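First comes the structure, then the notes that go with it.
The values are calculated or read from the model by the stated rules, or taken from the named source; none is laboratory data. None of these values were measured; they are calculated from a predicted model. Cβ placement follows ideal geometry from the backbone for every residue including glycine, while neighbour counts extend to all protein chains displayed. What goes into the accessible areas is simple: the full protein's heavy atoms, side chains included, and nothing from ligands, DNA or RNA. Shrake-Rupley method; radii C 1.70, N 1.55, O 1.52, S 1.80 Å.
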Amino acid sequence: MSYLRWRVTWWPDLVLAASGVALSVLASESFTGAPPTPGWTLVALVALCTGLPVAFLRYRPVTVAFTLAALLVVFDNAGPGLVDGAQILLPIVVGVVARERTLRWTALAGVAACLATAVNLADPGIAFTANYWYYVVGIVLLPVLVGRYLQGAAERRDRGEEPAPLLDVLFAAGGVAYAVLGTWSYWDGHDLQVGGVGLLAVLSGLALGAIRWLPGAVLLFESALVLVADSLVPPVADSLRVVLFVALAVFAGQATWRWLGAGYLLTCGVTLATVIDSRSDMTGLTYGVVATMVVAPAAIGAYVGVRRTAARREEELRAERARSDRLAERERIAREVHDIVAHHIGAIVLRAGAAQYAGAGGPAAEALADIRDTGHQVLEDLRGLLAVLRDPGPDATLPVADPDEVMRDAAARVTAAGIEVVLDIAPETARAALVARASAARIVQEGLTNVLKHAGEGSRATVSVTAEDKELVVEIRNTPGKAPMDLPSSGHGVAGMRERTRALGGRLTAGPLPDGGWRLVATFALSMEVVSR
């Protein structure tokens, strides 16, 4: 975890700043052309002013948003294309503000971004029409909606709620809106006409709706659309290339480093094919510019992926700590329960032994011997249970008694207490899973104990354990007794049996009979494979 924390500390901020500077330089290409030295000086100054504040995006997103908005206004008349990098980064930064900050700060940053964008895009003599404001507001509103949704999704995830598919819809809607707004001026006047160019834009945007589930396929699809657009309507390819960069960023956040390299090279190749024409010289500088342009979305996506992995591992570590704490608490409780119960059972065993040696005879001696033997068995079971709770590993298992013997022993003890018990265990039940038979034995024990408590002496109980179809069926019937025994009861006997039965995929019913007796029926699956399915 220390290595992961080192990896996600300072280097993402450096990458963000470098990417912002590179984007500003590349976006200013139409302004620079082959300018004299002062022109390059101005480009470098604006690029540094645009890119360096992005280094503080993780910590001061509101400040970065206002800085870029002010930059758009200050350098508005310096030349066309000079602040295009800031114009591209500003909506992204506002989206981060919407994701990380309150609605009030999001509204302030959004209004500042809209006003700065309006000043930057307005040319002398152009009226502020409804379509103009639709574009200005839309370019800022879409990232705000995505950011607010991501904030709500994070809050729902913290509350343990399942994420909704709204993010996929927002991706698709945002992609379509951006592609349409970025290409609508080129929809007419080409061989494809309005329908063809519009179809390319809509398909490119809609594909982003599947980017979370099929990032590789969407990256290939966007690459193909950019190449098709470049061969038919080159200006449209410039806008669709931004959608391709978004697909690369999401792909980078989910792919391994090897596949990230493949996606990066693919995007570089597509970008080279669209930014270079037959008259351009492919120099080393050209390759470097394209590589720098494509590395920004790849780096951002990889950073998000590393952060997501670190958060997931941190969550797993917290869950493991919580599990360790629960096991420690369980061991402490088990030790206390063992000490308390063992003390009282030991006292009972000692008193029963003392009564035997004092000369008790007849039925009383037999009852005392049974009490002493039962107490010894209870103490052994408690020690074994405590060992399992202290070390719940694969080798820490309790010795499992034969379920049929457990049921016969329970029937014998209840019979000795004055209740006639008829026990019928069908031979075919031997093919049932051991866990089902053991649970059935516990149901018989608890059921006969309830007969002893609530019906008392003079009652007659019938216990049948049969295999019907694919189920193991336990049925306990009893007639009314003369006097219920005054035995301690937790009041959770039937509830505990029902919970045990439900845990194995079975069911339990219990209720009175017309003659005043009681009937209890529990069913279990013969094979635990049925339960697992």
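List of remarks:
- VAL202, sole failed condition from (1) modelled with pLDDT of 85 or more; (2) farther than 27 Å from ARG58 by Cβ: (1)
Residue-wise test of (1) of a type in the set (D, E, K, R); (2) surrounded by fewer than 15 Cβ atoms within 10 Å (Cβ to Cβ).
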| position | (1), (2) |
| --- | --- |
| THR274 | no, no |
| TYR287 | no, yes |
| ALA291 | no, no |
| ALA298 | no, no |
| ARG307 | yes, no |
| ALA311 | no, yes |
| LEU317 | no, yes |
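Listed here are the residues, each with its yes/no results for (1) open to solvent by 20 Å² or more (accessible area, probe 1.4 Å); (2) part of a helix (DSSP H, G or I); (3) of a type in the set (Val, Ile, Thr); (4) at pLDDT 85 or above.
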| residue | (1), (2), (3), (4) |
| --- | --- |
| ALA22 | no, yes, no, no |
| SER30 | yes, yes, no, no |
| PRO38 | yes, yes, no, no |
| VAL43 | no, yes, yes, no |
| GLY51 | no, yes, no, yes |
| ALA65 | no, yes, no, yes |
| LEU72 | no, yes, no, yes |
| GLY85 | no, yes, no, no |
| GLY95 | no, yes, no, yes |
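- Of the residues making up segment 427-442, just one is surrounded by 19 or more Cβ atoms within 10 Å (Cβ to Cβ), among the hydrophobic types (A, V, I, L, M, F, W, C) and more than 38 Å from the chain's Cα centre (by Cα), namely ALA441.
- Candidates VAL494, VAL474 - the one that is within 19 Å of VAL414 (Cα to Cα), surrounded by 15 or more Cβ atoms within 10 Å (Cβ to Cβ) and modelled with pLDDT under 90: VAL494
- Filtering segment 111-135 to residues that are modelled with pLDDT under 80 and either part of a helix (DSSP H, G or I) or closer than 20 Å to LEU89 by Cβ (or both) leaves LEU121, ALA122, ALA130, ASN131, TYR132, TRP133, TYR134, TYR135.
- For segment 181-195, the condition of being at positive phi and either open to solvent by less than 60 Å² (accessible area, probe 1.4 Å) or at pLDDT below 85 (or both) holds for at least one residue.
- Of ALA229, ALA217, ALA172, all but one fail to be in a helix (DSSP H, G or I), open to solvent by 40 Å² or more (accessible area, probe 1.4 Å), modelled with pLDDT of 80 or more and not basic (Lys, Arg); the exception is ALA217.
- Within segment 237-255, one or more residues are surrounded by fewer than 20 Cβ atoms within 10 Å (Cβ to Cβ), in contact (Cβ under 8 Å) with a residue 12 or more places away in the chain, over 33 Å from the mean Cα position of the chain (by Cα) and within 20 Å of GLY174 (Cα to Cα).
- The single condition from (1) modelled with pLDDT under 75; (2) over 23 Å from THR271 (Cβ atoms); (3) open to solvent by 70 Å² or more (accessible area, probe 1.4 Å) that LEU141 fails is (1).
- Filtered residue count, segment 402-419, keeping only those that are more than 15 Å from GLY447 (Cβ to Cβ) and surrounded by 15 or more Cβ atoms within 10 Å (Cβ to Cβ): 2
- Any hit, segment 378-398, residues being surrounded by 14 or more Cβ atoms within 10 Å (Cβ to Cβ) and either under 23 Å from ALA510 (Cβ atoms) or modelled with pLDDT of 75 or more (or both): no
- Within segment 111-122, being open to solvent by 10 Å² or more (accessible area, probe 1.4 Å) and not β-branched (Val, Ile, Thr) holds for ALA112, CYS114, LEU115, ASN120, LEU121, ALA122.
- Being in contact with a Ser or Thr (Cβ under 7 Å, 6 or more places away or on another chain) and within 14 Å of GLY506 (Cα to Cα) holds for only one residue in ALA436, ALA432, ALA467, and it is ALA467.
- Only one of the numbered conditions (1) over 25 Å from ASP238 (Cβ atoms); (2) at pLDDT below 90 is violated by PRO80, and that is (1).
- Of all the residues in segment 449-463, those that are assigned to a strand (DSSP E or B), at pLDDT 80 or above and surrounded by fewer than 16 Cβ atoms within 10 Å (Cβ to Cβ) number 0.
- Taking (1) of a type in the set (D, E, K, R); (2) closer than 24 Å to TRP40 by Cα; (3) within 35 Å of the chain's Cα centre (by Cα) in turn, ASP76 satisfies each apart from (3).
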